[in-house]
Amino acid sequence: MSVWVKSFSTVLLLLPFSLSAFCDPLPPDLTYRPLPTLPFSRVKAADEAQKAAVMQRQSGLMNERYDLSDRAMQNVMMSGGRKPVQQGVRVKLAAGLTWDSLAAMSPDEIRQKGLLPPGFLPLPHVKHATGGQVFPDRQIDEIRRQEGRDLRRFDVNFDFPDHITAEFPPPIFLTTRPELGDVSRGQLLTIRNFYEIMNGIVTPVQMEGLRLLLTPFPQEEFNQTEDRKVAEQSNGVTCLDCHANFHTNGAFHLTPDVRPQAARFRLDTTSLRGLYNQQIHGSKRSLRSVEDFTEFEQRTAYFNGDHMSATRKGVHLPSRPNQVAMMAQMQNIIDFPPARKLDRMGKLDRSKASPQELAGEEIFLGKGRCAECHIPQLSFMDNMMHDLKLEDFYQIGKTYNDLATLPDGPIKTFTLRGIKDSPPYLHDGRLPTLADTVEFFNLILGTKLTQQEKDALVAYLLTL
Amino acid sequence: MRFITLIAALTTLATVPASAQFGNPGGLDPGTRESAPGVPIPGQTNVPDRLFTTLAAQGGMAEVDLGKLAQQKSRNDAVTAFAKRMIEDHGNANEQLTQLAKQAGLPLPTEAAVDQVDMHHRLSTLNGAAFDAEYMRSQVTDHQKTVQLLLWVIASGENTDLQRFASDKLPDVLHHLLMAQSLVSQLTGAAAPPTN
């Protein structure tokens, strides 16, 4: 330490007092992605050798946080009738706690005692330091079968079990042809089959938009350079590789809007259903039109918000008046799944709903405070971003699997229409079931619901 | 036989610490020698580790230096208490970092950063409330930068011990940042930070 005092004194003496210098900026790769420094073969070998330990670490974290067993509800299927909805609270509580005893504590007490269930904390990417898009096996297999294109990464696998994700392939409902119902024919839309499936159902403009949404473009982890995470040189990924059939397949990546890497939260692919009523786009970006989102997405999700990296790997700049508008028009005709128990204003039809569902709606609109953001008349959104301030419940800055848990700040209100179709929940997919979501909001909003009220709320959410 | 396999499997499990760090091997230096794939042999002076050690050590020592200055000059109990905490916490962290750097064979800086020297000089010319406000404002900036530095090495560093050190220190540094923001708010009327 004395060396340091001397050092300070010496430098002080040497410097003219008029000097007003700025320090060096922090390291260059805090904002910008560094260029690759090693040959592809060596990076691939290292990644493959690490993969087992990477997956083991992530499954360790998942098992510590959740009960991911396959426990389906009786007679409650997702909208395509292909997959049952999972039941029960899956987030694990510390020993000796109950959900009621936890909800009775103040945020300060929970934070100071470290009692927030770890499953309520931000969920790390399976390999956070690398990040990037990770696809579920069903998507990978189907794209390989139809297109011969490889979406499998050599460094990581998908981490949630299949039964915690959306049904695959999801049904497609169109605002322009509601009488047709699901038009997907039970198939995954790809660049190979889209014309056959949609011919006569969509307009030429929508068809061209659809073609572009299904055309692969180079991406951060899927491209032709040595900086990729797929074995063969790749043509890239398509918009609907994540938004499968305009819904979601659970593919995840890291938010493009935050730096540095350890502070970027995980993003669970959101559904594009009901986009026509959505006024802001992107969890954090708050883009004001689907045209903006569509145009910028290639610089953000595809390239992690890094236009420098895009330039190197193959940038795609869709023409705003032609291509972007057509892609937007296709997205804008994607409807929510039918909800037979809802009336024209999004309220339950009393002649069709059960007493428990009606009780759930009353809680949704009142004691549960859900409808303060998820307004039924506005497709269960409010077109705003809100800060849930979860950090009141935990000490910020702890690192889990290379993700530093920091406040999320304001996040967009997502729609709840068709919500049973899109597990896992929250922007990063940290909540496996609807029952988890009810417990999460019951805690952070301090609504102190009884078990009966929570069950009614879940029953109501299933009707949406 | 199955029992032996199980034991072997459990042993393997036990050797992988829950907090094992996995960086992106695409960012390793070309000359990096590895003990396991993507894991540099200890004792190498990789660029990220060396840069982190330099910047973290300079930052930590500046905290102690400026803390001592504040203890001499400030008459505000809250500011001197904060300065005392900085001297203690960063003094301890500096010792840990010195040990880690020695173990890893990483060079420690011999000179303070120019901006830190400049700040010392600027604060030396101030007194009373002006000193308190400027010292605390500089502490907000310094801790913001330290948060960034720790986050950076958690994802981009190569030495696992240094990454664990950064992970361990991040909550403390965030807490220091909050304390500094609160004090600036008290001293100047700036907007109060969130409480946590």
Qualifying residue in the range A:286-303 (condition: in contact with a Pro (Cβ under 7 Å, 6 or more places away or on another chain) and either among the small types (Gly, Ala, Ser) or touching a residue at least 60 places away in the same chain (Cβ under 8 Å) (or both)): yes
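Determine, yes or no, whether A:Asp455 is open to solvent by 30 Å² or more (accessible area, probe 1.4 Å), more than 15 Å from the chain's Cα centre (by Cα) and within 14 Å of chain B (Cβ to nearest Cβ). Explain how you work it out, then say what you get.
Numbers: open to solvent by 30 Å² or more (accessible area, probe 1.4 Å): yes; more than 15 Å from the chain's Cα centre (by Cα): yes; within 14 Å of chain B (Cβ to nearest Cβ): no.
Taking the combined requirement at face value, the residue does not satisfy it.
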Residue list for the range B:18-44, filter: under 29 Å from A:Asp227 (Cβ atoms), at pLDDT below 75 and surrounded by fewer than 16 Cβ atoms within 10 Å (Cβ to Cβ): B:Ser19, B:Pro42, B:Gly43
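I'm checking my understanding of the structure. Among residues of the range A:108-120 that are open to solvent by 10 Å² or more (accessible area, probe 1.4 Å) and away from chain B (no Cβ under 13 Å), which one is nearest to A:Tyr66 (Cα to Cα)? Explain how you work it out, then say what you get.
Taking the range A:108-120 as the starting set, the residues that turn out to be open to solvent by 10 Å² or more (accessible area, probe 1.4 Å) are A:108-109, A:111-116, A:118.
Keeping just the survivors that are away from chain B (no Cβ under 13 Å) gives A:109, A:113, A:115.
Working: A:Glu109: 23, A:Lys113: 20, A:Leu115: 15 Å.
Here the answer is A:Leu115.
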Those residues of the range B:17-76 which are among the basic types (Lys, Arg) and part of a helix (DSSP H, G or I), in sequence order: B:Arg50, B:Lys68, B:Lys73
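Answer with yes or no whether A:Val230 is closer than 20 Å to A:Gly314 by Cα, open to solvent by less than 20 Å² (accessible area, probe 1.4 Å), of a type in the set (A, V, I, L, M, F, W, C) and modelled with pLDDT of 95 or more. Break it down into steps so the answer makes sense when it comes.
Details: closer than 20 Å to A:Gly314 by Cα: yes; open to solvent by less than 20 Å² (accessible area, probe 1.4 Å): yes; of a type in the set (A, V, I, L, M, F, W, C): yes; modelled with pLDDT of 95 or more: yes.
In short, yes.
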Any hit, the range A:71-88, residues being buried (at least 20 other Cβ atoms within 10 Å of the Cβ), of a type in the set (Gly, Ala, Ser) and facing chain B (nearest Cβ under 10 Å): no
Residues within the range A:176-193 that are surrounded by fewer than 15 Cβ atoms within 10 Å (Cβ to Cβ) and touching a Phe, Trp or Tyr at 6+ places or on another chain (Cβ under 8 Å), tallied: 1
Single residue of A:Val156, A:Val91, A:Val76 found to be touching a helix residue (DSSP H, G or I) at 6+ places or on another chain (Cβ under 8 Å) and more than 30 Å from A:Pro256 (Cβ to Cβ): A:Val76
The range A:148-173 residues that are over 18 Å from A:Met73 (Cβ atoms) and part of a loop (DSSP other than H, G, I, E, B), paired with ones that are open to solvent by 20 Å² or more (accessible area, probe 1.4 Å) and among the aliphatic types (A, V, I, L, M) (beta carbon under 6 Å, 6 or more apart): A:Phe154/A:Ala231; A:Asn157/A:Met55
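Being more than 9 Å from every other protein chain (Cβ to nearest Cβ) and not basic (Lys, Arg) narrows it down to one residue among A:Pro34, A:Pro39, A:Pro25; which is it? Step through it out loud before you land on a result.
Working: A:Pro34 fails: more than 9 Å from every other protein chain (Cβ to nearest Cβ); A:Pro39 fails: more than 9 Å from every other protein chain (Cβ to nearest Cβ).
Going through A:Pro34, A:Pro39, A:Pro25 in turn, just one is more than 9 Å from every other protein chain (Cβ to nearest Cβ) and not basic (Lys, Arg): A:Pro25.
Does A:Gln50 satisfy being at the interface with chain B (Cβ under 7 Å from one of its Cβ atoms) and at pLDDT 95 or above?
On the way: at the interface with chain B (Cβ under 7 Å from one of its Cβ atoms): yes; at pLDDT 95 or above: no.
No: the conditions fail for A:Gln50.
Mind listing whichever residues of the range A:130-171 are within 12 Å of chain B (Cβ to nearest Cβ), over 18 Å from the mean Cα position of the chain (by Cα) and surrounded by 24 or more Cβ atoms within 10 Å (Cβ to Cβ)? Steps first, please.
Pass one, the range A:130-171, residues within 12 Å of chain B (Cβ to nearest Cβ): A:130-132, A:154-156.
Adding the requirement that they be over 18 Å from the mean Cα position of the chain (by Cα) leaves A:154-155.
Once the filter is applied, which keeps residues that are within 12 Å of chain B (Cβ to nearest Cβ), over 18 Å from the mean Cα position of the chain (by Cα) and surrounded by 24 or more Cβ atoms within 10 Å (Cβ to Cβ), the range A:130-171 yields only A:Asp155.
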Single unsatisfied condition, A:Asp100 versus (1) farther than 28 Å from A:Thr255 by Cβ; (2) in a loop (DSSP other than H, G, I, E, B); (3) not basic (Lys, Arg): (2)
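Only one residue in B:Val140, B:Val153, B:Val184 is hydrophobic (A, V, I, L, M, F, W, C) and within 9 Å of chain A (Cβ to nearest Cβ), so which one is that? Full working, then the answer.
On the way: B:Val140 fails: within 9 Å of chain A (Cβ to nearest Cβ); B:Val184 fails: within 9 Å of chain A (Cβ to nearest Cβ).
Exactly one of B:Val140, B:Val153, B:Val184 is hydrophobic (A, V, I, L, M, F, W, C) and within 9 Å of chain A (Cβ to nearest Cβ), namely B:Val153.
Hey, among the residues in the range A:363-378 that are assigned to a loop (DSSP other than H, G, I, E, B), closer than 17 Å to A:Ala459 by Cβ and touching a residue at least 24 places away in the same chain (Cβ under 8 Å), which one's nearest to the chain's Cα centre (by Cα)?
Kept after step one, since they are assigned to a loop (DSSP other than H, G, I, E, B), are these residues of the range A:363-378: A:366-369, A:373-374.
Now drop any that are not closer than 17 Å to A:Ala459 by Cβ, which leaves A:366-368, A:374.
Next cut, touching a residue at least 24 places away in the same chain (Cβ under 8 Å) only: A:367-368, A:374.
Details: A:Lys367: 28, A:Gly368: 24, A:His374: 18 Å.
Out of the qualifying residues, it is A:His374.
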Residue in the range A:422-437 that is of a type in the set (Phe, Trp, Tyr), open to solvent by less than 50 Å² (accessible area, probe 1.4 Å), touching a helix residue (DSSP H, G or I) at 6+ places or on another chain (Cβ under 6 Å) and assigned to a helix (DSSP H, G or I) present: no
Candidate set from the range A:379-402 (those that are open to solvent by 40 Å² or more (accessible area, probe 1.4 Å) and within 18 Å of the chain's Cα centre (by Cα)); member that is nearest to A:Ser59 (Cα to Cα): A:Leu388
Hits in the range A:323-364 - residues which are farther than 17 Å from A:Val202 by Cβ and open to solvent by 80 Å² or more (accessible area, probe 1.4 Å): A:Arg340, A:Arg344, A:Met345, A:Arg350, A:Ser351, A:Lys352, A:Pro355, A:Gln356, A:Glu362
Selected residue [open to solvent by less than 50 Å² (accessible area, probe 1.4 Å), part of a loop (DSSP other than H, G, I, E, B) and farther than 20 Å from A:Thr463 by Cβ] from A:Leu68, A:Leu61: A:Leu68
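Kindly indicate which of A:Leu123, A:Leu93 is within 27 Å of A:His163 (Cα to Cα) and buried (at least 22 other Cβ atoms within 10 Å of the Cβ). Even if it seems obvious, please write down each step before you answer.
Values: A:Leu93 fails: buried (at least 22 other Cβ atoms within 10 Å of the Cβ).
The match here is A:Leu123.
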Subset of the range A:286-314 [buried (at least 20 other Cβ atoms within 10 Å of the Cβ) and part of a loop (DSSP other than H, G, I, E, B)]: A:Ala301, A:Tyr302, A:Phe303, A:Asn304, A:Gly305
Residues of the range A:387-422 classified as more than 9 Å from every other protein chain (Cβ to nearest Cβ) and out of contact with any Pro (no Cβ under 6 Å at 6 or more places or on another chain), total: 16
Selection within the range A:335-362 - among the acidic types (Asp, Glu) and part of a loop (DSSP other than H, G, I, E, B): A:Asp335, A:Asp343, A:Asp349
Single residue of the range A:233-255 satisfying the filter (part of a loop (DSSP other than H, G, I, E, B) and open to solvent by 10 Å² or more (accessible area, probe 1.4 Å)) that is nearest to A:Pro170 (Cα to Cα): A:His243
Residue match in the range B:128-137 (condition: touching a residue at least 60 places away in the same chain (Cβ under 8 Å), within 11 Å of chain A (Cβ to nearest Cβ), over 11 Å from A:Ala404 (Cα atoms) and more than 9 Å from the chain's Cα centre (by Cα)): no
Scan of the range B:77-127 for residues that are acidic (Asp, Glu) and in contact (Cβ under 8 Å) with a residue 60 or more places away in the chain, ordered by number: B:Asp89
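Out of B:Ala112, B:Ala133, B:Ala129, B:Ala101, I need the residue that is assigned to a helix (DSSP H, G or I), open to solvent by less than 50 Å² (accessible area, probe 1.4 Å) and either at pLDDT 95 or above or closer than 30 Å to B:Asn76 by Cα (or both). Which one? Walk me through it before giving the result.
On the way: B:Ala112 fails: assigned to a helix (DSSP H, G or I); B:Ala129 fails: open to solvent by less than 50 Å² (accessible area, probe 1.4 Å); B:Ala101 fails: either at pLDDT 95 or above or closer than 30 Å to B:Asn76 by Cα (or both).
The conditions single out B:Ala133.
The values are calculated or read from the model by the stated rules, or taken from the named source; none is laboratory data. Computed from a predicted model, the values in this text were never measured in an experiment. A quick note on method: Cβ atoms are made from the backbone with ideal geometry, for glycine too, and the neighbour counts reach across all protein chains shown. Surface areas here come from the heavy atoms of the whole protein model, side chains and all, with no ligands, DNA or RNA. Shrake-Rupley method; radii C 1.70, N 1.55, O 1.52, S 1.80 Å.
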